[in-house]
Amino acid sequence: MFHRESGIFKTTYAGDMALYPLPIAKWTVAVLVLVFVVILPLTVHEYYLSILNLIFIAIVGALGLNILVGYTGQISIGHAAFMSVGAYTAANLAVRMDLPFWITLPAGGLMAAAIGVVVGMPSLRIKGLYLAIATLAGQLIIEWTINHVPAISGGAQASIEVDRPSLFGFSFDTQHRLYYFLLFFAAIAIVATLNLVRSRIGRAFVAVRDQDIAAEIIGIDIYRYKLLAFAISSFYAGVCGVLYTYYFGIANYEQFQLIVSIDYLAMIIIGGLGSVLGSIFGAIFVTLLPIVIRILMEDVGALFFTQAEIANVISGLRLGVFGGLIIFFLIVEPEGLNRLWRNIRSYFRVWPFSY
Amino acid sequence: MTRFVRSWLGIAATTATLTIGGGQAFAQKELVFGLQCDRTGPTATVGTVLCPGYHDYIALVNSKGGVEGYKIKVLEIDNEYKVPPAMEAHERFKKEGAVLEGIYGTPQTAALNKKLEEDKILGTSPGFGTASAADGKRYPYTFPIAASYWSQAGAAVAYAKEKLGTLKGKKIAYLFYDNPAGKEPLPILEDLAKSEGFEMRTFAVPAPGLEMGAQILDITARFKPDFIIAHLFGRSPSVAIKELKGKGYPLSKVVGLVWASAEADIIAAGGMGVAEGYNTIQFAGVGKDFQVIKDIEAMYKAQGKPMPKEMDSTVYYNRGVLIAALHVEAARNAIKAKGGAAPNSEEVKKGMESIKGFTLGGLVPPMEITPADHEGGGWVQIWTVKGGKLVRSKDWFQGFRAVIQKHVAEDAKKS
C-alpha cells in the first residue's frame, strides 16, 4: 500500500519478516476487513457478490498452484484434477455419511494432498517440460478414473448432488450467505499462504526453485520439500474443489477438465509467479475481465446494434480482447500484475520525485 | 512510468463513465429472457447456429407486436461451455429480472439445478442435462422440454426394432462418447436388451473423439452388429460416418442421437452423397418447410437484410426456434392466466407447465408439459439422408415410454 516508511527502522530479523512490515499495515488490513465483511455485502447487489464468490474460490486454487509453480518451481498441469479429487471426496462423504462441511472440506483437501503426492513423485527425477507431461498424465488418469468408477462418481452421470453447507442449522444458501462462507476460506487461504512463504518451509521451497543442487548442499531435503509442495498445493486445490462443490451444489468432473488447469496456470502467470498478491490479482483478472469486457461491449454495442447482432459479435471479440490484454500486460510487465502493482506503488512512494 | 500510470488512470476513468452511462431506460411492457449460449467453447458448432435461431424467432415475435403486447428482450451470455460463467450468467439474468432462462450444456445444467430452485426461475435444458430432470417433482425448475438421452435411446431401439422386424437374437452396437452424457443412455439400453432379447455391446470413444478406427474396426469386423446406435458429440459424428462408410457398413443401419445429426456433421463426413441412408434422431423439425421459417425469411426480406447463413443449418437453427417458441408460449400462457398483467417467474413456470397442443406447424412435437413431466413426453422424429438431403422417415413418436418412465421413477427414489 502507499505507506510512508520513513522513520521506521527494522532492527531484528523477526521485524523484517513480520506479516505486517509497517505498523500502519495493520490499519490497512482492518479497513480491508471492514470493506469486505461489512460494507460490500451491505451495499452491493447480489449479482456482484456472486462474481466475488467465484473470485474467492479461484483465489484458493490459484494460491495453491502458485505455491507449487511460483514458489517451488515445479510445473503442474494437473491442478484441476486435484480439485475434482477434493470435490468427489467431499461429495461422497457429505451424501453417503451425511458429514458436515467442516469435516468434508479438510477431508477433501487431505485426499487431494495424498493423490497429489503420488502424482508429484515423478518430480523427484524430472523437471520442467517432462514434469508438465507427467502431471498431465495425472490429470487424464484422474479424469478417467472418476468417469469410470461408479463408487467414486456415483453413477453414469458422474455427478453427486450435495446440500448447501450448514452450521448449527444455519444454511449458506443465498449468494449473500455463500459470500461469507467463501470469504472465510479465501481469507484463511491467503493468511496461511502468507505465513507459509515466510516460514522455514517457504524459504526451502524458494531455495529448491532457484537452484535445487545448491539447496541440497545447504541441507534441504529436496525430495521431501518437493513432495511437500505437491501435497500443500494439492490440498489447496482439493479445498478449492470442495468449495466449488458446495457453491454449485454438485460435484461434476466435467467442471474440472484440462482446460481448467490451463486457466489456473494462466491466472498465476498473469498475476505473477511466486507472490501471494499475484495469485489474487490473477484470479481476479481471469474471472472478472471476460465479464467486464462483455458488459462494456453490451453497453457500447447497444448504441449501434440490436441485441441479437451484439450477441453474435461479442463472443468472438471478447476472446480476442481477452487474449490481447493478456499479451499486452505480459509485454508491459513480464513478471505479472503483481510487479506492475509494485511499480505503480514505488512510483507513488517517491512522488513527486522520479526516484 | 508516468505515461503508463496516466494511461492506466485514463482507462479506468473511461470504464467508469461507460458503465454508468451505458444503462438504458426500459420500455414499459417488456419481458426479459436469459439465454446462455456456447459460441466460442468446444460445442461452438452447435451454439453459433442454435442461438441465432433463438434470436430470430424472438425478433419475429417482437416484429408482430410481441407476445400479448409485451416485447421480449433477450439477454444472451456466452458461457464458453464452462461452469463458473454459467453461474455468473444466471445471477446476471436474475439481476436483470429475467422470467426464464435457457441453459446451455450438461455440466452447466447440473450446476444450476439447485440455484434455479432456490431462486425460483425456470431454466430449460433441451437436449442437455440429466434424463432424471424430466421429473418435475424432483427438479421443479428445470425443464428439459425435449427428448432426454433416455427417451432418445428408447426411440433408437424402437426404430431398430421397426427396421429389423424383431430384435430377438439380434446384435446392436452402442458407439458413444466417453463422458457422462455419452454414458447416460446405458441403463435404458441394458434394460431393453434384456426385455427385447438382443445382444448389446458398448464401444467407448475417448475425448475428443476424432480417432475411432479401432472401435469401428471392432464393430464392423468382429462384433458385426445388425444395428448401430451412435451417441457422439462435436466433430466425432462425422468421423464415425466416414469410418463406417470406409469399412463398408451400411449407414441405413446406423442411427445417431440428437447431437450426431446435423447437416454440418454429415457434410464434414464427405457430403450428403456419402452418408446416404444415415438415420438421425431429431427433437425439432428439420428443413425450411415450416410456416414459421418462412415468416422469419419474410421478416428479413421486409427489413431488406440478407438471410442469415445459419438458416441453412436447419437442424440446429430449428432447435433454436423451438426453444424460443416454447419460451414465448410459456410467457404467453402466463400473461393470459394473469389477464394481461406482467407475470413473474413463478407464473411463467406455471405457463410452461401448461403447454399442450402447440406444434408450430410441425416444427415442435405434440408435447404436453405437465408439473410432473417436464420433458413433455420425449417425442422424436427420425430423419434419414436420402438423395442429398435429410428426409423425414418417421413422424413424431415415443420409444418405449413405459420403460423410460419406470427409470425416471426409480431414479427419483434413489435420491
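Things worth noting here:
- Cα centroids of the range B:45-73 and the range A:10-41: 53 Å apart.
- FRET efficiency, 1/(1 + (r/R0)^6) with R0 60 Å, evaluated for B:Ala337 and B:Arg235 via beta carbons: 0.85
- Remark on B:Thr124: its backbone amide H falls under 5 Å from those of B:Glu101, B:Gly102, B:Ile103, B:Phe143, a criterion applied only to residues 5 or more positions apart or on other chains, H modelled at 1.01 Å from N.
- Remark: spin-label model distance A:Arg198-B:Lys64 equals 6.9 nm, labels positioned 7 Å along the Cα→Cβ axis.
- Rg ratio for the range A:44-257: its Cα radius of gyration over 2.2 N^0.38 Å, N being its residue count, equals 1.03.
- Neighbour cut-off at most 16 other Cβ (10 Å), DSSP loop, chymotrypsin sites (Phe, Trp or Tyr not before Pro), the range A:250-311: A:Phe304, A:Phe305
- Helix B:401-414 vs. chain B, principal-axis angle (Cα, 0 to 90°, nearest 10): 60 degrees
- Förster-model FRET efficiency, 60 Å R0, A:Phe305 and B:Arg222, C-beta, rounded to 0.05: 0.60
- Pairs exceeding a 28 Å alpha-carbon distance, out of B:Lys161/B:Lys414; B:Lys356/B:Lys394; B:Lys336/B:Lys414; B:Lys73/B:Lys137; B:Lys301/B:Lys394: B:Lys161/B:Lys414; B:Lys336/B:Lys414; B:Lys73/B:Lys137; B:Lys301/B:Lys394.
- Convex hull volume of the range A:222-339 per residue (C-alpha atoms, cubic angstrom): 142 Å³
- Once the Cα atoms are used to define both axes, helix B:83-95 deviates from the longest principal axis of chain B by about 40 degrees.
- Applying a 4.7 Å Cβ-Cβ cutoff to the protein assembly as shown, the cysteines left without a disulfide-compatible partner are A:Cys240.
- Inter-chain shielding of B:32-40 (mean C-beta neighbours from other protein chains, 10 Å cut-off): 2
- Here's how it looks for B:Asp373: its modeled amide H is under 5 Å from those of B:Gly136, which are all 5 or more places away or on a different chain.
- Note on the range A:290-334 and the range B:307-384: Cα centroid distance 32 Å, given to the nearest whole angstrom.
- Shielding by partners for peptide A:244-254, expressed as the average number of C-beta atoms from other protein chains within 10 Å of each residue's C-beta, is 6.
- Look at the dipole of the range A:44-257 built from charges on Cβ: of A:Gln175, A:Asn92, A:Ile115, the Cα furthest out on the positive end belongs to A:Ile115.
- This ranking places B:Leu322, A:Leu265 by how few other beta-carbon atoms lie within 10 Å of each, fewest first, which gives A:Leu265, B:Leu322.
- For B:Val364, neighbours were defined as the other residues whose beta-carbon sits under 15 Å from its Cβ, and their charges (Lys and Arg +1, Asp and Glu -1) total -2.
- Helix runs (DSSP H) in chain A reaching 24 Å along axis by Cα, Kyte-Doolittle at least 1.0: A:46-66, A:101-120, A:129-148, A:175-197, A:276-301, A:307-332
- Over chain A, relative contact order from alpha-carbon pairs under 8 Å, at least 6 apart, %: 28 percent
- The C-alpha atoms of chain B define a longest principal axis, and helix B:314-337 lies at about 50 degrees to it.
- Inter-probe distance in nm under a simple model that places probes 7 Å from Cα toward Cβ, at A:Asp210 and A:Arg349: 1.9 nm
- 5 angstrom amide H check on B:Lys171, placed H, neighbours 5+ away: B:Glu199, B:Asp226, B:Phe227
- Kirkwood-based shape ratio for the range B:20-116, expressed as Rg/Rh from alpha carbons: 0.99
- Over 28 Å (Cα to Cα) - which of B:Lys163/B:Lys413; B:Lys94/B:Lys305; B:Lys194/B:Lys413 fall in this group: B:Lys163/B:Lys413; B:Lys94/B:Lys305
- Protection proxy ranking of B:217-223, A:84-90, A:158-164, A:37-43 - average other beta-carbon atoms within 10 Å, highest first: A:84-90, A:158-164, B:217-223, A:37-43
- Taking Cβ atoms as reference points and 10 Å as the exclusive limit, the residues near B:Gly197 contribute a net charge of +1, counting Lys and Arg as +1 and Asp and Glu as -1.
- Charge tally in the Cβ shell below 14 Å around B:Asp218, where Lys, Arg are +1 and Asp, Glu are -1, B:Asp218 excluded: +3
- Restricting the range A:174-226 to trypsin sites (Lys or Arg not before Pro) that sit in a DSSP loop and have at most 15 other Cβ atoms within 10 Å of their own Cβ leaves A:Arg198.
- The fraction of Cα-Cα pairs per 20 angstrom bin, counted from 0 for the protein assembly as shown, comes to 16, 46, 31, 7, 0 percent, rounded to whole percents.
FYI, it's all coordinate maths here, none of it is from the lab. The structure presented is a predicted model; accordingly, all values stated were derived computationally and were not measured. Neighbour counts run over all protein chains shown; Cβ positions are idealised from the backbone, glycine included.
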